[in-house]
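*Asks:* Below: one structure in structure tokens.
The values are calculated or read from the model by the stated rules, or taken from the named source; none is laboratory data. Quick caveat, the model's predicted, so the values are computed rather than measured. Cβ atoms come from the backbone with ideal geometry, glycine included; neighbour counts cover every protein chain shown.
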Amino acid sequence: MAKEFNVPPVVFPTSSSTPAAVPHQRRATPAPSAPPFQPPRPATSTALPFMSFDIGAAPAPSSFSAPSFPSAASGSFSSFDEEPPLLEELGINTRQIWLKTTSILNPIRVNPNIHEDADLSGPFIFLMAFGLFQLLAGKFHFGIILGWVTVASLFLYVVFNMLAGRNGNLDLYRCLSLVGYCMLPMVIFSAVSLFVPHDGVVIFAMAAVFVLWSTRICTRLLVELASCGEEHRGLIAYACWLVYLLFSLLVIF
Amino acid sequence: MQSMMQDLGSSKVAWRHMRRGSWGQVQSLCKISSYFSNLQYYFQVNNKYVRSKLKLILLPFLHRGHWTRMSEPVGGRLSYKPPIDDINAPDLYVPFMAFVTYIILSGFTFGLLGKFSPEALSLQFTRGLAGWFLQVMMLKGLSYSLGNKDAPILDIVAYGGYAFAGLSVAILTKLVWNYSYYFILLWLCFCMSVFLVNTMKRVLFAEMRVYSNHSNRHHYIFIFIAIAQFPLFFWLGHLKA
């Protein structure tokens with residue numbers, strides 16, 4: 001279906017007599033700011049052949065050599081200003097990521113309601129930051145971090161669901177999201193460890209503190225967000241502790 | 001003519017093999033699903049069970065009770081009680097956690113030696129898995145040779161994995177004080193031997209009604225199980241690579 005596009009027609013000052021109305025450039029605002037231009041109403045457009053941007057429609061007049069705009073607008077081309085912003089379309093809710101991040105920064109009080117819906121963009125940012133700080137320390141660990149996070153969340157998923165029994169309803173997406181978010185203390189640890197001498201008691205003490213922080217938050221979130229975790233709290237806490245101890249190995253050595 | 005008969009015979013045999021093969025696949029699928037539906041049994045644990053089990057593995061001499069698993073009638077058949085109710089029942093939580101603890105502690109050891117790298121850790125992981133597999137094969141093979149073909153494989157996997165708890169303790173003491181390592185390792189090998197012999201005695205004799213004649217063969221097999229722990233522990237505890 002041909003949609004009329006009300007942009008001002010471009011009149012080429014060439015020898016061509018017919019004014020080729022070629023909107024070869026998409027306008028952000030179709031509002032006509034040029035005074036002499038009146039966007040022709042669709043019903044009265046007679047002499048000006050507009051381009052119709054349909055999929056599969058061949059560009060009608062070939063008298064222009066402008067780069068033909070890819071007609072991949074899929075029909076909603078006219079509602080360009082009504083398209084959602086990119087981040088929203090990708091599902092990245094920055095405000096929620098920020099809220100979740102600040103909720104993890106407080107090791108004493110954990111608010112599980114924010115983490116109700118899982119998302120993977122926060123963990124992605126944290127893992128990239130972790131890899132970046134490791135890179136600053138001279139270790140190229142991006143692939144290893146990715147692999148280990150996957151295996152660790154799979155491990156936690158299996159252990160939690162097996163312990164919880166028939167009513168275990170932790171799913172892998174949420175598990176991965178929680179493990180990734182609780183990686184924040186490890187990211188801070190790897191940042192701080194850049195300034196601390198590596199062979200000393202200080203770094204081990206710091207490792208203990210940060211690993212316990214991660215473990216505490218991860219256990220709290222796992223137990224409160226998925227059912228039937230309460231009576232196995234200690235067992236799940238030990239599993240989380242093992243996971244974050246593994247990542248602290250990467251930072252320390 | 002004879003070659004044609006032979007061909008016919010072989011094709012019939014082949015057809016029978018094929019049919020049996022597909023049924024064997026179905027059978028093995030049923031077995032796998034029965035393993036996984038049964039897997040839940042091995043994770044019914046709680047804190048008290050884990051603590052008692054660790055005490056049992058590391059100090060089996062102090063166990064005043066008996067070593068047999070308690071059974072209860074469930075739906076007309078006799079089945080064993082879950083680990084929550086029975087300290088002697090095998091579980092899979094303790095072996096898995098002990099294995100991961102062993103890997104992490106070996107990572108710490110490598111790091112303190114200055115030779116940590118993620119590849120070395122993966123290599124140690126593979127070595128640990130190989131050791132576990134060897135232990136399981138040995139136990140399963142020995143129970144086959146004694147005629148007990150029905151010992152569930154997950155039980156044997158659990159018994160084989162308990163070795164990692166002792167190994168983890170040994171590596172931890174090595175990290176703390178270097179010279180205590182060999183004594184602790186010998187002690188833990190001995191403990192593990194006692195634990196395994198006591199457990200396997202119950203497993204191997206579970207199906208047999210006759211307890212009276214413990215033949216020489218049985219004694220040799222138990223001695224073999226006890227002695228085989230030592231090289232296994234020394235190999236897995238040797239973290240130098």
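*Asks:* Test B:ASP150 against the stated conditions and say whether it is in contact (Cβ under 8 Å) with a residue 12 or more places away in the chain and surrounded by fewer than 16 Cβ atoms within 10 Å (Cβ to Cβ). Give the derivation first.
*Replies:* On the way: in contact (Cβ under 8 Å) with a residue 12 or more places away in the chain: yes; surrounded by fewer than 16 Cβ atoms within 10 Å (Cβ to Cβ): yes.
Criteria met by B:ASP150.
For (1) touching a helix residue (DSSP H, G or I) at 6+ places or on another chain (Cβ under 6 Å); (2) over 23 Å from B:TYR93 (Cα atoms); (3) surrounded by 20 or more Cβ atoms within 10 Å (Cβ to Cβ), each residue gets a yes or a no:
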{"position": "B:PRO118", "(1), (2), (3)": "yes, yes, no"}
{"position": "B:LEU129", "(1), (2), (3)": "no, no, no"}
{"position": "B:LYS140", "(1), (2), (3)": "yes, no, no"}
{"position": "B:TYR181", "(1), (2), (3)": "yes, yes, no"}
{"position": "B:PHE205", "(1), (2), (3)": "no, yes, no"}
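*Asks:* For a quick check of your reading: which helices (runs of 4 or more DSSP H) sit entirely within region A:147-253 and have at least 3 residues that are within 10 Å of chain B (Cβ to nearest Cβ)? If you could, list the steps in order and put the result at the bottom.
*Replies:* Numbers: elements: A:172-181, A:184-192, A:201-225, A:233-252.
Where helices (runs of 4 or more DSSP H) fall fully within region A:147-253 and carry at least 3 residues being within 10 Å of chain B (Cβ to nearest Cβ), they are A:233-252.
*Asks:* If I filter region A:192-211 for residues that are crowded, with 22+ Cβ neighbours inside 10 Å, touching a residue at least 12 places away in the same chain (Cβ under 8 Å) and under 22 Å from B:VAL176 (Cβ atoms), do I get at least one hit?
*Replies:* Looking for residues that are crowded, with 22+ Cβ neighbours inside 10 Å, touching a residue at least 12 places away in the same chain (Cβ under 8 Å) and under 22 Å from B:VAL176 (Cβ atoms), one finds at least one in region A:192-211, hence yes.
For every residue, the table says whether it meets (1) at pLDDT below 90; (2) crowded, with 20+ Cβ neighbours inside 10 Å; (3) outside any loop (DSSP other than H, G, I, E, B).
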| site | (1), (2), (3) |
| --- | --- |
| B:SER52 | no, no, yes |
| B:ARG69 | yes, no, no |
| B:ASP86 | yes, no, no |
| B:VAL94 | no, yes, yes |
| B:MET97 | no, yes, yes |
| B:SER106 | no, yes, yes |
| B:THR109 | no, no, yes |
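*Asks:* Do you know which residues across region A:84-140 are of a type in the set (Phe, Trp, Tyr) and under 24 Å from A:ALA152 (Cβ atoms)?
*Replies:* A:PHE124, A:PHE126, A:PHE130, A:PHE133, A:PHE140 - these are the residues of region A:84-140 that are of a type in the set (Phe, Trp, Tyr) and under 24 Å from A:ALA152 (Cβ atoms).
*Asks:* Residue pairs, Cβ under 6 Å, 6 or more apart or interchain, first in region B:30-53 and under 12 Å from B:ASP86 (Cα atoms) and among the basic types (Lys, Arg), second assigned to a loop (DSSP other than H, G, I, E, B) and at pLDDT 85 or above. List them.
*Replies:* Taking only residues 6 or more apart or on different chains, not a single pair turns up.
*Asks:* Something else now. Give the number of residues within region B:157-170 that are crowded, with 22+ Cβ neighbours inside 10 Å and either β-branched (Val, Ile, Thr) or assigned to a loop (DSSP other than H, G, I, E, B) (or both).
*Replies:* Adding up the residues that qualify gives 2.
*Asks:* Which condition from (1) at pLDDT 80 or above; (2) surrounded by 10 or more Cβ atoms within 10 Å (Cβ to Cβ) is the one that A:PRO84 breaks?
*Replies:* If we test A:PRO84 against (1) at pLDDT 80 or above; (2) surrounded by 10 or more Cβ atoms within 10 Å (Cβ to Cβ), just (2) comes out false.
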